[in-house]
1. Regarding the range 147-155, can at least one residue be identified that is in contact (Cβ under 8 Å) with a residue 40 or more places away in the chain and aliphatic (A, V, I, L, M)?
2. Which residue out of Gly179, Gly187 is more than 30 Å from Leu105 (Cα to Cα), of a type outside the set (Lys, Arg) and touching a helix residue (DSSP H, G or I) at 6+ places or on another chain (Cβ under 6 Å)?
3. Which of the residues that make up the range 1-43 are at pLDDT below 90, of a type in the set (D, E, K, R) and surrounded by 10 or more Cβ atoms within 10 Å (Cβ to Cβ)?
4. What residue, among those in the range 185-240 that are part of a loop (DSSP other than H, G, I, E, B) and in contact with a strand residue (DSSP E or B) (Cβ under 7 Å, 6 or more places away or on another chain), is modelled with the highest pLDDT?
5. Quick check on my filter: what residues within the range 57-67 are part of a loop (DSSP other than H, G, I, E, B) and touching a Leu at 6+ places or on another chain (Cβ under 8 Å)?
6. Please count how many residues of the range 44-76 are hydrophobic (A, V, I, L, M, F, W, C), out of contact with any helix residue (DSSP H, G or I) (no Cβ under 6 Å at 6 or more places or on another chain) and crowded, with 18+ Cβ neighbours inside 10 Å.
7. Given the criterion assigned by TED's automatic domain parsing to the domain that holds Arg23, of a type in the set (Gly, Ala, Ser) and at pLDDT below 75, identify the matching residue among Ser102, Ser145, Ser132.
8. Working only within the range 208-233, note down all residues that are touching a helix residue (DSSP H, G or I) at 6+ places or on another chain (Cβ under 9 Å) and polar (S, T, N, Q).
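The values are calculated or read from the model by the stated rules, or taken from the named source; none is laboratory data. Everything numeric in this text was worked out from a predicted model, so none of it was measured. Cβ placement follows ideal geometry from the backbone for every residue including glycine, while neighbour counts extend to all protein chains displayed.
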Amino acid sequence: MRKNNQDVPKPPITRLRCAIYTRKSTEEGLDQEFNSLDAQREAAEAFIQSQRREGWIALPDCYDDGGFTGANMDRPALTKLLRAVEAGDLDCVVVYKVDRLSRSLLDFTRMLSVFEKHKVSFVAVTQQFNTSTSLGRLTLNILLSFAQFERELIGERTRDKMSAARRKGKWTGGCPVLGYDVDPGGGRLLVNEEEAERVRAIFALFEKYGSVLLTLQEIERLGWRLKSWTRKTGQFHPGGPFALNSLRRLLTNIIYTGSIRHHGKPYTGEHAAILAPGAWDRAQSLIAQRPPSTTGRARNKHLALLSGLLFCESCATRMVYSYSGKSDRKYPYYLCLNAQRKGWAVCPAKSLPARAIEESVLERIREGPSGIFEPAVWEQMDRARQVQAIQAIVERVGYDGTSHHVSLRFHPAAGPEVRV
C-alpha cells in the first residue's frame, strides 16, 4: 500500500548563516543618512530574506569598509570577516557585486580558497553564479578580470589627469609646505607671508653656513617648526620639529621658485614665488658641491670625533681611531695607519690621545673666524650629533659667504693644527 505524500516526513531545513560585506572606495557621502554602504546592505538583506525558506538568515554583525580600495586586502572589516570564516562563525558571504569584495583576481582567488577550505559559500546579489561548478568558477574569473581591468584603467586615467594638471603648473594636492596655504575656494596655493619670511631666512642661514647640519642647529635654537595645517575634516595637524631630511626637502623644493616639478622637469606654476631670483640656485650649488662621505666615515661605529679627518704630517697617512684597555675602562687614541701596518719604527708620531687632540681641535675651531660651537651648545648635543657637526665644519665652513675647505694634520713637534 502506497503511503500518502503528506505522511512522508520532510527533511529539516538547514540553517545558513549569512554575513553581509559592503565596501566603498572613497569616504565621499559616507556621512549621509543613507549612503552607499546602507544601499548595499539593504539589497543583500532583501536577497537573504527571499531565501528564508531555504534556511538563510542574516547575521547582525556588520562588515563595512568605507573609504577602502578593493585593490588590496588591507581593510579592517575584511580582516574581521576572514577571521570569522576561519573560526566557523558563518556559512555564506553575501555581497552586492563581486568587485565589492575585491578588484584583484589574485586576492579574490586567495579568499575563495579560504572560503572553500572552511566550506563557506559566496554569493553576489546582482551576479548569479554557483562557485561549486566549473562554469561558475569560469564566470567568476571573467568578472574579476574585468573588475581588475577597470581598476587599472581608472588608475591610468587618474595618473594622466594629474600629469596634465602638473604640466600646466597646477597644485594637485598633498600636504602643504611651509610658506604656502591651500586656497579654500579651489586647489591652488596662496603665499603665507609670515611663513614665507621664515623660508627666506632658512635659505639665508644655509647660504651663510654652507651646511645643512649647522643650519638645523640654528633653526633648533630659534625654535622654528614645520608647517601646521587643518585638514578638510577639521583635524588639526601640528608642525613638528625640523630634522635633517625635512630640512633638505625644504632646501631642494623647487616650489619656492614658483615652479612645479613633474617627472624631474620643472614647469611654471600657478602660485607666486617666495624666493628672490637666484636664491634657490645658490642653495642647490652648495648642496651639489658637498663632498660625499668616505667609506671610513660611514663605518665610524665608535663615533670618533675626527674619524677620517686626521692625518699624520710625518707620513702623510690617515690616522685611525683605536683604544686599549677593557670594555669598562677604555683609553682611546688616534694611530698612524702607516705605523699600525708597518710597525712603530716607521713613524715618529705613532699615536696620540684622542681626548687631547679632539679638545685642541675644538678650541681652534671656536677661536677661528667661523665663531661657532659655543661650549654650552656643544655639550647639549649627543655624540652622534657632535660627530656630524665636526664633519660638516671640516668639510665646509662659511666665512663671510665664502666657502673654504679645512684639513686637519698632526705635527709631532708643534702639535695639532687646523689648516684653512
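1. yes
2. Numbers: Gly187 fails: touching a helix residue (DSSP H, G or I) at 6+ places or on another chain (Cβ under 6 Å).
Result of the check over Gly179, Gly187: Gly179.
3. Of everything in the range 1-43, those that are at pLDDT below 90, of a type in the set (D, E, K, R) and surrounded by 10 or more Cβ atoms within 10 Å (Cβ to Cβ) turn out to be Arg15, Glu27, Glu28.
4. Filtering the range 185-240 for residues part of a loop (DSSP other than H, G, I, E, B) gives 185-188, 192, 210-211, 223-224, 226-228, 231-235, 238-240.
Going one step further and asking which of them are in contact with a strand residue (DSSP E or B) (Cβ under 7 Å, 6 or more places away or on another chain), we end up with 192, 210, 228, 231, 239-240.
Details: Asn192: 91, Gly210: 85, Ser228: 87, Arg231: 76, Gly239: 85, Gly240: 85.
The selected residue is Asn192.
5. To start, the set of residues in the range 57-67 that are part of a loop (DSSP other than H, G, I, E, B) comprises 59-62, 67.
Answer for the range 57-67, where residues must be part of a loop (DSSP other than H, G, I, E, B) and touching a Leu at 6+ places or on another chain (Cβ under 8 Å): Leu59, Gly67.
6. Number satisfying all stated conditions: 4.
7. Ser132
8. Ser211, Thr215, Gln217
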